[in-house]
Amino acid sequence: QVQLVESGGGLVQPGGSLRLSCAASGSIFRVNAMGWYRQAPGKQRELVATITSGGSTNYADSVKGRFTISRDNAENTVYLQMNSLKPEDQAIYYCAAGLLVVERALSRSNSYLYWGQGTQVTVSS
């Protein structure tokens, strides 16, 4: 089992910044990909960003240039730095871990077996 715990969500004004953290624990030896997804009310869960064990990153077009995904291997933690936040970024953000995910499947939500409980990001003036 892999346990994921997100933190760092909260209320921020448009144009502001937040950094989300996802701490992974448990049987993480097979994890080769981590991702951030988000879900707003009435919408499907959507990809935000992914990072592989090799450090490759990918981003949704809607956040490219504003968000940065990174990892700290020593702490088994992945981060999502969110800058220039917009009201449309408001959602519950979920951390996800995939086991032996192939390159072509990194952006697919069903590639991720383990999910955190989510952290709320509210963007409002």
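Going residue by residue through the range 48-57, is there one that turns out to be without any contact (Cβ under 8 Å) to a residue 24 or more places away in the chain and open to solvent by less than 50 Å² (accessible area, probe 1.4 Å)?
yes
Residues being closer than 18 Å to residue 66 by Cβ and either loosely packed, with under 14 Cβ neighbours inside 10 Å or out of contact with any Asp or Glu (no Cβ under 7 Å at 6 or more places or on another chain) (or both): count how many of those fall in the range 22-37. Break it down stepwise before answering.
Keep residues of the range 22-37 that are closer than 18 Å to residue 66 by Cβ, which gives 35-37.
Adding the requirement that they be either loosely packed, with under 14 Cβ neighbours inside 10 Å or out of contact with any Asp or Glu (no Cβ under 7 Å at 6 or more places or on another chain) (or both) leaves 35-36.
Qualifying residue count, the range 22-37: 2.
Being in contact with a Cys (Cβ under 6 Å, 6 or more places away or on another chain) and either under 17 Å from residue 2 (Cβ atoms) or open to solvent by less than 20 Å² (accessible area, probe 1.4 Å) (or both), is that true of even one residue in the range 98-118?
Checking the range 98-118: at least one residue is in contact with a Cys (Cβ under 6 Å, 6 or more places away or on another chain) and either under 17 Å from residue 2 (Cβ atoms) or open to solvent by less than 20 Å² (accessible area, probe 1.4 Å) (or both).
Just one of (1) over 23 Å from residue 29 (Cα atoms); (2) out of contact with any Gly (no Cβ under 8 Å at 6 or more places or on another chain) trips up residue 120, so point out which.
(2)
Yes/no matrix, rows are residues, columns are (1) β-branched (Val, Ile, Thr); (2) touching a strand residue (DSSP E or B) at 6+ places or on another chain (Cβ under 7 Å); (3) within 15 Å of residue 45 (Cα to Cα):
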residue	(1), (2), (3)
82	no, yes, no
91	no, yes, yes
101	yes, yes, no
104	no, no, no
123	yes, yes, no
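Of the numbered conditions (1) modelled with pLDDT under 95; (2) over 20 Å from residue 97 (Cα atoms); (3) not β-branched (Val, Ile, Thr), residue 53 satisfies every one except a single condition; which is it?
(2)
Being outside any strand (DSSP E or B), without any contact (Cβ under 8 Å) to a residue 60 or more places away in the chain and hydroxyl-bearing (Ser, Thr, Tyr) narrows it down to one of 62, 84, 107, so name that one.
62
The values are calculated or read from the model by the stated rules, or taken from the named source; none is laboratory data. Everything numeric in this text was worked out from a predicted model, so none of it was measured. Note: ideal-geometry Cβ built from the backbone for every residue, glycine included; neighbour counts use all protein chains shown. These area figures cover heavy atoms from the full protein model, side chains too; ligands, DNA and RNA do not enter into them. Shrake-Rupley method; radii C 1.70, N 1.55, O 1.52, S 1.80 Å.
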